[in-house]
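Visitor: My questions all concern the structure below.
The values are calculated or read from the model by the stated rules, or taken from the named source; none is laboratory data. Everything quoted here is computed from the prediction, not taken from an experiment. Cβ placement follows ideal geometry from the backbone for every residue including glycine, while neighbour counts extend to all protein chains displayed.
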Amino acid sequence: MTQPSILRLVTVLVATMTLTACGGAESAKPEATSPSASPSAAPAEIAAFSVTRGKVTGPDRLESRLGEQVVFTVTSDVADEVHVHTYDVTLDVKPGRAATVQVSADIPGTFEVELETSKIVLTRLRVVP
């Protein structure tokens, strides 16, 4: 082989090895995404609340780690709006129909969750690091 042929062969081999290294094991790993960014990742329901004649049935407190998805359902006998304070997440609730609320827990602290119009506190959401 001539020197130019060897130089071309070495260049092709180096380029192939570089591309293989860049596209090998690294690209085989799935990209890390937050649960809220992944449409196929359905978070598990962690609580259910029911409001009948102003009386709440459900846990007094929800706890989540920072970065997790918080999902809960609310059923009420009257039309209202669920509001997760500080996060400003709101969702309409129709009488007798479950509304599913999803919050990305990205603010640490303890926050009230209420039926806004009725001023009925459903629970408190505690987000810990």
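For (1) in contact (Cβ under 8 Å) with a residue 24 or more places away in the chain; (2) more than 15 Å from residue 46 (Cβ to Cβ); (3) of a type in the set (A, V, I, L, M), each residue gets a yes or a no:
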| residue | (1), (2), (3) |
| --- | --- |
| 70 | yes, no, yes |
| 75 | yes, yes, no |
| 83 | yes, yes, no |
| 91 | no, yes, yes |
| 100 | yes, no, no |
| 109 | no, yes, no |
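Visitor: Something else: How many residues does the stretch 112-129 contain that are within 20 Å of the chain's Cα centre (by Cα) and surrounded by fewer than 20 Cβ atoms within 10 Å (Cβ to Cβ)? Before the answer, list the steps.
Guide: Initial filter on the stretch 112-129 (within 20 Å of the chain's Cα centre (by Cα)): 112-113, 123-129.
Then keep just the ones that are surrounded by fewer than 20 Cβ atoms within 10 Å (Cβ to Cβ); that gives 112, 124, 126, 128-129.
The qualifying residues number 5.
Visitor: Answer yes if at least one residue in the stretch 100-107 is among the acidic types (Asp, Glu) and not in a strand (DSSP E or B), and no otherwise. Steps first, answer last, please.
Guide: Within the stretch 100-107, the first condition is being among the acidic types (Asp, Glu), and the residues that meet it are 106.
Okay, now just the ones that are also not in a strand (DSSP E or B), so 106.
Scanning the stretch 100-107 turns up at least one residue that is among the acidic types (Asp, Glu) and not in a strand (DSSP E or B).
Visitor: Can you report the number of residues in the stretch 84-122 which are polar (S, T, N, Q) and at positive phi?
Guide: Within the stretch 84-122, the subset polar (S, T, N, Q) is 86, 90, 100, 102, 104, 110, 117-118.
If we keep only those that are at positive phi as well, we get 86.
Qualifying residue count, the stretch 84-122: 1.
Visitor: Residues of the stretch 40-59 being modelled with pLDDT of 95 or more and surrounded by fewer than 11 Cβ atoms within 10 Å (Cβ to Cβ), which ones?
Guide: Listed by number, the residues that qualify are 53, 55.
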